[in-house]
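All remarks here apply to the structure that follows.
Please treat every number below as a calculation from the coordinates, not as lab data. Quantities reported herein were computed from a predicted structural model and do not represent experimental measurements. Using ideal geometry, Cβ is built from the backbone for each residue, glycine included, and neighbour counts are taken over all protein chains shown.
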Amino acid sequence: MARTDPILQLTDAKAESSVLGAILINPGCMVDVAEAVEPGDFHDEPRSWVYEAMLSLWHEGTRIDFVTLCRRLEERGKLQQVGGQARLAQLINETPTGLGARDYASIVRRLATLRRLLSAAGLIARLAYDSKDAAVEDVFARARALVDAVAPGDGDDAVLLWLDSLEMFFTVQTQRIEELAAIGSGTAPARVDFPWKALRQFISYLRPGMLAMVVADSSVGKTSFMECCAEYWARQGLQVAFFHLELPHQFMIDRRMCRQSGVPMRVVESGTVTAAMEDANGAMSLWHGGIHYVHCPGWTAQRIATQMRLLHSKGLCDVAVVDYMQKMRLLRERGQNDAAAIGDQAEVLKTACEQMGIPAILGSQVNRASLAFERKTAQAVRGSGEPGEKSNVVITLDREILNQDAIDTAGNVIAHAGDRSPTVRGRVDKNTGGPTGDFQLKMNAARFLILDVLAVDEPVVLEHEPLELQF
């Protein structure tokens, strides 16, 4: 027995012809059909050419009828290839009714989607055969992308009508009041804002789906910046997924203890347990949220995104932190250069955040060319400026090299000549949700801790600082 081509089982010539015939009978139905069907949805190429000609007439505002369609196909040299005038007349005669265009179009769209899914399945099978030595997470990420590419979109959700948008604003305002009340009572997770007043004047909070980049040179403090954010968010009741591609788990935990207890790293590394350490550990155990560390050296952005989705499905990822971009392994498409591949890394993470409805921050080193500039910008991202363009927020950090010792008000040396200055010069260089501008923070390098700069007469009261800190 001869095998039936599976592609032919997923076609309906009658439905394809009826879509075209319905348009000729009732041109007004083109609005509904164009929303549902693309030329590529027709399995039969000549029918696809007829539909393309109809679309071109409709876009021009020209009436679609037998005469105009014949003329357009003839102009394109396709009239005889589709069967001539006789075939177009036959489309009208074969169509049951001009009122069924939407139903015919849905059949054509559904079968086209299934054919694409079948094609994607073949590509996924080939991908599996060719990926013997690849990480399983990367293979799944590519397979997911192939399936997502053929998934039908929901056009109704993509359109927000004008009057609906006016009503939506006040509806959302009421929801925001209720949300803030729930946050204040502890019955809802906190918003993802920043721990520093200096930064909140520009960015009130990171909205769901937003990607913020933190850009700095090596040893400036971008990891400390992101660690301070993560701990502040965990204390506020959020579940934080922290992907660290360079530092091992133990070092991350040791740095956290230095920040929270005030005990220097040399004491932590000695194995000593102090009362301050026990107090800090007890205080952290009372945090309403938590930080879930993922040590992922050499992972691709696709693999990180897959793990983000897994943690999110378990309720363990309200916000993600990725430290840092240049440590991720590039997954190049054929013929793609490094700059485009690096840009794709940010796009993969941003898309994952949008799909899950969570924000994320992504660390990045600066390029060498930017080191000579006083002011770092979104274009300073090492390897490519594209990630900065694809991010919603770009924050640059810098600390100058000191020419002489830095002395605090008590006369103590807090940084030696040749070290980085304790003053962190920051800039919100891109902000889709508000203004941009410069700000300053203070770095305590011994504790991997970044703080607001306090005025001389201002008491030391820090929202994210458990113990008093002396500079």
*About its Cα centre, how strong a charge dipole does the range 191-452 have in debye, to the nearest 20, once Lys and Arg get +1 and Asp and Glu get -1 at the Cβ?*
420 debye
*asked:* Please compute the contact order of the range 191-452 in relative form: average sequence separation of alpha-carbon pairs under 8 Å and at least six residues apart, divided by the residue count, as a percent.
replied: 27 percent
_As I understand it, the value is the acute angle between the Cα axis of helix 66-75 and the longest principal axis of the Cα atoms of the chain; what does it come to in degrees, rounded to 10?_
70 degrees
*Helix 222-235: angle to the longest alpha-carbon principal axis of the chain, degrees 0 to 90, nearest 10?*
90 degrees
*For TYR51, TYR129, TYR104, order by how many other beta-carbon atoms lie within 10 Å, fewest first*: TYR129, TYR51, TYR104
*asked:* Out of all DSSP beta bridges in the chain, what portion is antiparallel? Express it as a percent rounded to 5.
replied: 45 percent
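Could you compute the net charge surrounding VAL50? Neighbours are other residues with a C-beta less than 11 Å from the C-beta of VAL50; K and R count +1, D and E count -1.
+1
Please label the shape of the range 139-245 as rounded, prolate or oblate, based on the square roots a ≥ b ≥ c of the eigenvalues of the alpha-carbon gyration tensor (a/c under 1.5 means rounded; beyond that, a/b larger than b/c means prolate, else oblate).
Values: a/c = 2.04, a/b = 1.16, b/c = 1.77.
Taking the square roots of the gyration eigenvalues as a ≥ b ≥ c, the range 139-245 is oblate.
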_Give me PHE202, PHE140 sorted ascending by neighbouring Cβ count inside 10 Å, so fewest comes first._
PHE140, PHE202
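Given Cα pairs under 8 Å that are at least 6 residues apart, what percent is the relative contact order of the range 278-357?
Working: 44 pairs, mean separation 29.3, N = 80.
It rounds to 37 percent for the range 278-357.
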*Label zone at GLU94, where the point sits 7 Å out along the Cα-to-Cβ direction: the range 106-127 residues whose backbone N lies under 19 Å*: 106-112
*Which entry is the computed Rg and Dmax of the Cα atoms in Å for this structure: (1) 24.8, 80; (2) 29.4, 98; (3) 31.3, 125?*
(2)
*Place +1 on the Cβ of every Lys and Arg and -1 on the Cβ of every Asp and Glu in the range 192-247, take the dipole about the Cα centre, and give the residue among VAL215, ALA241, SER204 whose Cα lies farthest towards its positive end.*
SER204
*Towards the positive end of the charge dipole of the chain, with charges on Cβ (+1 Lys, Arg; -1 Asp, Glu), say which of ALA276, LEU166, SER106 has the farthest Cα.*
SER106
*Near LYS430, which lysines are there with a Cα under 25 Å away, not counting those fewer than 8 places off in the same chain?*
LYS197, LYS222, LYS327, LYS350, LYS376, LYS390, LYS442
*Most exposed first by the Cβ proxy, i.e. fewest other Cβ within 10 Å, how do TRP299, TRP196 rank?*
TRP299, TRP196
*Report, in degrees rounded to the nearest 10, the 0 to 90 angle that the Cα long axis of helix 45-60 makes with the longest principal axis of the chain.*
70 degrees
*Compute the Cα gyration tensor for the range 191-452, then decide on rounded, prolate or oblate, letting a ≥ b ≥ c be the square roots of its eigenvalues: rounded whenever a/c is under 1.5, prolate when a/b is larger than b/c in the other cases, and oblate in all that remain.*
oblate
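Rounding to the nearest 20 debye, state how big the charge dipole of the chain is about its Cα centre with +1 on each Lys and Arg Cβ and -1 on each Asp and Glu Cβ. List each step's numbers first, then the result.
Numbers: 49 positive and 60 negative charges, 200 e Å.
Taking the Cα centre of the chain as origin, the dipole is about 960 debye.
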*Compute the FRET efficiency between ARG110 and ALA86 as 1/(1 + (r/R0)^6), taking r as their Cβ-Cβ distance and R0 = 22 Å, and round to the nearest 0.05.*
0.15
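Could you tell me whether the range 218-279 comes out rounded, prolate or oblate from its Cα gyration tensor? Rule is a ≥ b ≥ c as square roots of the eigenvalues, rounded for a/c under 1.5, then prolate if a/b exceeds b/c, otherwise oblate.
Working: a/c = 1.95, a/b = 1.31, b/c = 1.48.
Verdict is oblate for the range 218-279.
Which FRET efficiency value, to the nearest 0.05, is calculated for GLN355 and TYR205 with the Förster distance at 22 angstrom and r the Cβ-Cβ distance?
That pair, GLN355 with TYR205, gives E of 0.65.
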*Taking Cα pairs under 8 Å and at least six residues apart, what relative contact order does the range 6-108 come out at, in percent?*
49 percent
